[in-house]
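The values are calculated or read from the model by the stated rules, or taken from the named source; none is laboratory data. Just so it is clear, the model here is predicted, and its values are computed rather than measured. Counting neighbours? That spans all protein chains shown, and the Cβs are built from the backbone with ideal geometry, glycine included.
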């Protein structure tokens, strides 16, 4: 038996975070990679996993404590003789990331910062409720993160009137959205109650002139089954709703002729079969995106108040499908990497995403995102921008189409492209030029070196 220290691993760019939930107690038997505590900053929350299997002997943290990388979480008794040496901390598993959603397996207990929608049918509010009167605070101002305060200012919500459901009364995004929805419906008395346990439907309304979300007893019409949304979907749903409402989306559609590029890809895979690296079309898309961003720098920018922040690095995110929902890993410095290296990194990151082992660093720093449905089907769609980015490229399944070459029709492999952009930053002509240039790179990849 050996007694080892379990410490907080790398938590990305966060210097200090708060403990919002303790998931184990002294005497508990834990497995390697089992979540021990949940921590939260103003931008994200994440679970800290155990580096070894063993028995919890002593907790070194409590609710509300501030911890940083290297902080001692607990003392663990393990049968692993090799564990006498200092345990190598495992990577933190993200729970909620803003703006980008984060992947994590759901623990037995749901963290306070992510409230689960009640499975009980919604109770109809009394008919004679007074309209909300602004400027009449219901009590002292609860704690709220800077991102929540900013969202409240943008929505015109007085935080003093919002009931926080988080740790020590912290106001969460769900609280804010639930309050707005109830206020817009003229239901001030139940706004605070609804904010404590907002349903998935409650985030869908809340705009002036809209009718309240329909409350239906579905069981009246036949058998039903209720399941909680996965943690990723609850977090990403709130982010997607915010991005869709606050960003004026426009989508430009185009097609890229990838006939020669697909032949080149197949040739590369045949030549590198023994190396074990499979080249995917996504790798070419990521490389072409980095080159196109250099030519059109406004697509590699972010809005910061009345200023544009132009980035001189080219980190490309790609949507990865997991059993619990979509996450967006990021390929760093894609402009400096070759196709084989990008293919290897995307495969490794996608595998980590499916296994729920993404670290915060894997999903941070993105400049531009690609959402590919190529392996499934479809023609065009409107991808939602991943704030604070200003554009995202959607890609669907390629298909053979007859194209006129000046003398006759010939079959060409065409790839549908859907570029959504923030119209506050980018105008339609720039978006069209971006798509045309991007498609030209895919049509003749030799242009990459020009």
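A few comments on the model shown:
- Residue that is nearest to residue 442 (Cα to Cα) [pool: residues in the stretch 246-268 that are surrounded by fewer than 15 Cβ atoms within 10 Å (Cβ to Cβ) and without any contact (Cβ under 8 Å) to a residue 60 or more places away in the chain]: 263
- Residue in the stretch 275-293 that is assigned to a helix (DSSP H, G or I) and farther than 20 Å from residue 349 by Cβ present: yes
- Residue check for residue 427: under 23 Å from residue 445 (Cβ atoms) and loosely packed, with under 14 Cβ neighbours inside 10 Å: no
- When each of 11, 37 is tested for being within 22 Å of the chain's Cα centre (by Cα) and modelled with pLDDT of 85 or more, the lone residue that passes is 37.
- Looking only at the stretch 143-172, and only at residues there that are in a loop (DSSP other than H, G, I, E, B) and within 26 Å of residue 305 (Cβ to Cβ), the one that is modelled with the highest pLDDT: 162
- Residue within the stretch 381-403 that is surrounded by fewer than 18 Cβ atoms within 10 Å (Cβ to Cβ), without any contact (Cβ under 8 Å) to a residue 12 or more places away in the chain and assigned to a helix (DSSP H, G or I) present: no
- Residue within the stretch 49-64 that is surrounded by fewer than 17 Cβ atoms within 10 Å (Cβ to Cβ) and under 24 Å from the mean Cα position of the chain (by Cα) present: no
- Complete set of residues in the stretch 294-309 that are in contact (Cβ under 8 Å) with a residue 12 or more places away in the chain, in a strand (DSSP E or B) and in contact with a strand residue (DSSP E or B) (Cβ under 6 Å, 6 or more places away or on another chain): 301, 302, 308
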